[in-house]
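The values are calculated or read from the model by the stated rules, or taken from the named source; none is laboratory data. All figures in this text were calculated on a predicted structure; none of them were measured in a lab. Neighbour counts run over all protein chains shown; Cβ positions are idealised from the backbone, glycine included.
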Amino acid sequence: MTDVKTPVPEATDAPAAKPERPIAWPLGIAGVVLLVVGSFLSWSYDGQILNDLSINFYPGGLQILTLIGAVLSLVLLLAEKGPMTRLGAWLDATLGIRTLGAGLSLYMVLILVAIGTESDGLINVNPGGYISLVGALLIAVSGWLLPLRQLRDMSEARLPGGIEILTIAVLMAAVLFAAAYALGLQDAWSFILCLVFIAVIATALFRTGTMTFVSHVGQRHKKVLTLAAFVVAFLFPFTQNGSDANMSIANQVLIFGATAMGLNIVVGLAGLLDLGYIAFLGAGSYTAAVLSNSAFATVGWKPPFLVVMLVGAAVSATLGLIIGTPTLRVSGDYLAIVTLGFGEIFRFSMGNLDGNNGPNLTNGPNGIPGIPDLQIGGFNFGDEHSLAGIELGRFSNYYFLLLILIGFVILVFARLNNSRIGRGWVAIREDEKAAEAMGVNVFGLKILAFAVGAFLAGLAGTIKAHQDAAVSPDQYQFIESAFLLAAIVLGGMGTIAGVLLGATILKLLPEKLRFFSEYRLLMFGLLLVLMMRFRPEGLVASRRRQLEFHEEDEELAVEVEEQRLAVGEAQ
Amino acid sequence: MTVTESRPEATRPIGEPVLEASGVTMRFGGLLAVNDVNLTVREGEIVGLIGPNGAGKTTFFNCLTGLYKPTSGQVRFAGVPRKAPKAPKVKKGESLDLEAVPVQELAALTPLPPKPRAVVRAGMARTFQNIRLFANMTALENVMVGRYCRTSAGALTSVLRGPKFRREEEATRARAQELLDFVGLGKSTEHLARNMPYGDQRRLEIARALATDPKLILLDEPTAGMNPQETRQAMDLIFKIRDSGLSVVVIEHDMRFIFNLCDRVLCLVQGQALIEGTPDEVQSDPRVIEAYIGTGEDDDEDAPQDAVPDSTPGEEKP
């Protein structure tokens with residue numbers, strides 16, 4: 001008999017609360033004051049580096065970030081003891097102060113290192129930098145001296161509906177602002193430091209429980225949250241002042257993200273490992289290319305773009321069916337090998353269909369260059385426009401189109417997931433034999449996942465061909481498939497936000513950190529190994545996936561169940 | 001000596017054959033797991049399948065449900081026609097039980113293809129010896145998966161979410177809830193299957209099987225590891241299922257349970273049908289006793305102490 005109900009050991013009583021040191025709180029306040037004072041002083045002797053941190057009483061960008069950190073610390077300290085104790089009943093201020101203190105110290109140390117390496121040695125650090133560092137360290141020390149307290153359950157926290165929606169809006173605005181600011185930084189050190197700062201703030205928000213509250217709010221106002229996210233994405237080009245550099249990166253992120261979402265249906269929902277997925281993106285791209293007005297296009301038929309999109313997606317889905325029908329009878333590692341082989345076959349075929357071996361369809365290794373910009377109705381995607389005085393270049397036009405595409409992909413993903421078909425996929429992942437014995441069409445559902453995933457990738461591919469203005473076989477190497485899979489694993493299989501986050505990280509970082517490119521693969525390898533060790537379910541975990549990865553964890557199962565019940569009651 | 005207690009009245013009309021397995025043989029290499037077994041199950045009948053461990057009971061189930069393709073023999077089933085007619089509207093006065101498992105007209109016996117999906121579609125559902133629930137789904141979701149083969153929303157409908165999709169989804173949910181109430185799990189709807197107590201998991205598996213609208217349900221050791229009270233509840237549930245017009249085949253080792261429950265019992269030994277008959281016939285047959293506890297004559301060492309009459313535990317007492 002296998003009794004699944006094992007007694008859960010009683011949660012060990014919290015260690016006797018440390019007696020509060022009376023010095024802790026004033027120490028924290030002193031730290032905040034020092035941090036602020038330091039930020040207004042000069043940090044660096046050299047005015048050429050890190051966007052000029054050398055002027056007294058005129059804080060530069062990184063110094064303003066420090067000030068933001070100081071203000072947050074102050075709020076948390078006041079929530080601990082002082083006028084905002086009501087907030088302190090909900091938020092874990094102590095943990096937040098500890099995280100902020102440690103994070104800001106790390107940030108300051110990195111800034112000093114940056115100043116030291118960019119100019120000649122630490123001699124160029126002015127007193128302001130050291131004062132701020134001491135301030136950050138004091139905050140950290142004060143955080144460790146402050147006692148942990150009993151908190152109220154965050155799922156009961158309620159604010160008036162309007163204010164909850166405002167919270168979402170403020171948060172989204174902060175995301176937009178942070179993205180625009182970080183992307184605007186030109187030199188690598190500033191960018192890295194900014195990322196570190198954002199990571200510190202985000203961690204602190206998670207540790208205090210603010211994010212738990214936000215996620216509860218998000219569940220209560222799902223539509224508002226989705227809408228707000230799209231509005232932010234929509235507004236992004238307006239923050240770039242017609243700069244093409246960042247918009248080009250953003251477009252790559254969107255294409256990569258849309259493709260990853262398609263793969264997420266295959267991997268995250270149906271649980272099939274596909275290592276040749278980039279071929280479906282390629283099939284869409286090549287279809288759009290040969291049907292375009294390029295001088296090198298090999299097919300005479302020039303239908304309107306909407307038709308091209310459908311044809312490209314259909315070609316891609318057909319390829320999915322062709323590869324899926326015979327191979328989906330194998331599973332696991334074998335399927336991965338077969339799909340890997342398929343991806344390579346696609347690349348070689350595209351490289352060989354040059355008229356020497358077989359028909360001239362793709363111009364072989366040269367690919368099809370000179371694909372003209374899209375023309376839908378009277379609107380040419382190559383033209384620049386200006387809206388309310390803000391320049392929107394060629395890439396912005398494609399950006400909006402890609403935004404619609406990714407919205408569609410997310411819609412398909414979410415609705416399939418939450419339907420009879422989605423339940424079938426979960427059942428197959430859980431126990432294929434039992435699913436079959438319950439009448440679930442196992443083979444049909446697997447094929448469907450393959451075809452839908454390929455269809456969506458094909459759609460993305462048709463736009464990519466026009467955006468890149470050229471296709472060639474080397475764009476569709478195995479490593480791209482591996483990165484798509486890495487984005488899903490990193491972000492969280494089966495989730496929407498996670499995969500988009502993973503795609504953004506994997507596309508954005510290499511583009512911004514060009515000087516780092518030789519170590520790119522090494523870093524990704526390390527990152528994935530660490531993820532597998534410490535958080536196998538990904539950055540944003542789907543609750544069910546989390547359970548699947550932690551089969552033994554009864555407490556987690558109970559916790560998930562309680563949360564579901566809480567959500568059920570709220571609705 | 002008999003263990004049969006006051007049996008619930010068996011005067012209900014036993015109907016036409018639902019399942020007719022003839023000459024089912026399953027061979028794994030040199031091992032003859034099931035050898036030429038015949039079984040007929042009629043409408044509204046509870047048939048027990050007993051036999052010592054390794055007798056081939058579960059293998060026989062797997063042959064019936066299409067998980068194995070029998071080496072030879074045929075399984076014929078009077079299933080639900082492919083296009084099931086709409087269940088008639090239930091009138092107010094009728095009890096919940098009848099409402100929960102609507103009875104459909106029987107079709108003629110037709111051979112079953114050895115594919116699990118086709119078998120389920122035809123109207124035969126099963127549970128597993130070792131529970132095979134979808135552990136990380138809630139109770140309701142588990143039962144909703146059972147509805148899969150009776151619903152039809154495809155990919156396009158699911159994405160477009162027309163009124164038909166929403167109606168079907170609503171109906172699936174309502175029916176799943178109804179079945180959970182039927183097996184007595186109405187309060188555990190949102191619990192994860194893996195967090196549920198053992199007995200509830202067994203019942204949830206039955207609810208999931210019932211969700212496929214079967215004519216015949218095969219239960220593989222539904223009371224294994226249960227205490228006497230839970231066993232009694234399981235028995236009541238099986239009677240309830242039978243009373244709503246389904247046929248039931250049960251594999252079980254608990255003889256008291258089997259002989260109280262079943263209309264007919266088939267005893268398998270080493271892959272062969274030893275005897276088939278009413279509980280009284282089977283439990284008084286010396287060969288069955290021999291198969292379970294040995295004869296005590298030709299193999300002295302093997303005859304266990306508790307073969308002595310009156311000191312045997314109920315389970316092995318013929």
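Assorted remarks:
- Condition check for residue A:443: in a helix (DSSP H, G or I), among the aromatic types (Phe, Trp, Tyr), more than 7 Å from every other protein chain (Cβ to nearest Cβ) and buried (at least 23 other Cβ atoms within 10 Å of the Cβ): no
- Across segment A:293-315, the qualifying residues are those that are over 22 Å from residue A:262 (Cβ atoms) and not hydrophobic (A, V, I, L, M, F, W, C), and the one among them that is surrounded by the fewest Cβ atoms within 10 Å (Cβ to Cβ) is A:300.
- Test: residue in segment A:474-489 that is surrounded by 19 or more Cβ atoms within 10 Å (Cβ to Cβ), over 25 Å from residue A:226 (Cα atoms) and hydroxyl-bearing (Ser, Thr, Tyr): yes
- Failed item, numbered, when residue A:135 is tested on (1) under 30 Å from the mean Cα position of the chain (by Cα); (2) surrounded by 24 or more Cβ atoms within 10 Å (Cβ to Cβ): (1)
- Filter pass, residue A:272 being of a type in the set (A, V, I, L, M) and out of contact with any Leu (no Cβ under 7 Å at 6 or more places or on another chain): no
- Entry remark, segment B:70-122: residues being in a loop (DSSP other than H, G, I, E, B), within 14 Å of chain A (Cβ to nearest Cβ), out of contact with any Phe, Trp or Tyr (no Cβ under 7 Å at 6 or more places or on another chain) and modelled with pLDDT of 80 or more number 3 in total.
- Scope segment A:136-194; condition out of contact with any helix residue (DSSP H, G or I) (no Cβ under 7 Å at 6 or more places or on another chain) and β-branched (Val, Ile, Thr); matching residues: A:163, A:170, A:192
- Residues that are out of contact with any helix residue (DSSP H, G or I) (no Cβ under 8 Å at 6 or more places or on another chain) and aromatic (Phe, Trp, Tyr) within segment B:254-292 comprise just one, B:292.
Okay, residues lined up against (1) part of a helix (DSSP H, G or I); (2) within 20 Å of the chain's Cα centre (by Cα); (3) closer than 27 Å to residue A:368 by Cβ; (4) not aromatic (Phe, Trp, Tyr):
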| residue | (1), (2), (3), (4) |
| --- | --- |
| A:465 | yes, no, yes, yes |
| A:481 | yes, yes, yes, yes |
| A:490 | yes, yes, no, yes |
| A:493 | no, yes, no, yes |
| A:519 | yes, no, no, no |
| A:525 | yes, yes, no, yes |
| A:529 | yes, yes, no, yes |
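- Residues located in segment A:120-163, provided they are in a helix (DSSP H, G or I) and farther than 30 Å from residue A:54 by Cα: A:143, A:144, A:145, A:154, A:155, A:156, A:161, A:162, A:163
- Within segment A:427-440, considering residues that are buried (at least 24 other Cβ atoms within 10 Å of the Cβ) and facing chain B (nearest Cβ under 9 Å), the one farthest from residue B:210 (Cα to Cα): A:427
- Qualifying residue in segment B:177-191 (condition: within 7 Å of chain A (Cβ to nearest Cβ), of a type outside the set (Lys, Arg), closer than 20 Å to residue A:414 by Cα and touching a Lys or Arg at 6+ places or on another chain (Cβ under 9 Å)): no
- Which listed residue is under 21 Å from residue B:237 (Cβ atoms) and either under 21 Å from the mean Cα position of the chain (by Cα) or surrounded by fewer than 16 Cβ atoms within 10 Å (Cβ to Cβ) (or both), from B:154, B:184, B:162: B:184
- Note on segment A:350-366: residues that are within 34 Å of the chain's Cα centre (by Cα) and surrounded by fewer than 17 Cβ atoms within 10 Å (Cβ to Cβ) total 2.
- Counting the residues of segment A:234-249 that are over 19 Å from residue A:462 (Cβ atoms) and assigned to a helix (DSSP H, G or I) gives 11.
- Among the residues of segment A:389-407, at least one is within 14 Å of another protein chain (Cβ to nearest Cβ) and at pLDDT 85 or above.
- Some residue of segment A:112-133 being among the hydrophobic types (A, V, I, L, M, F, W, C) and within 27 Å of residue A:562 (Cα to Cα): no
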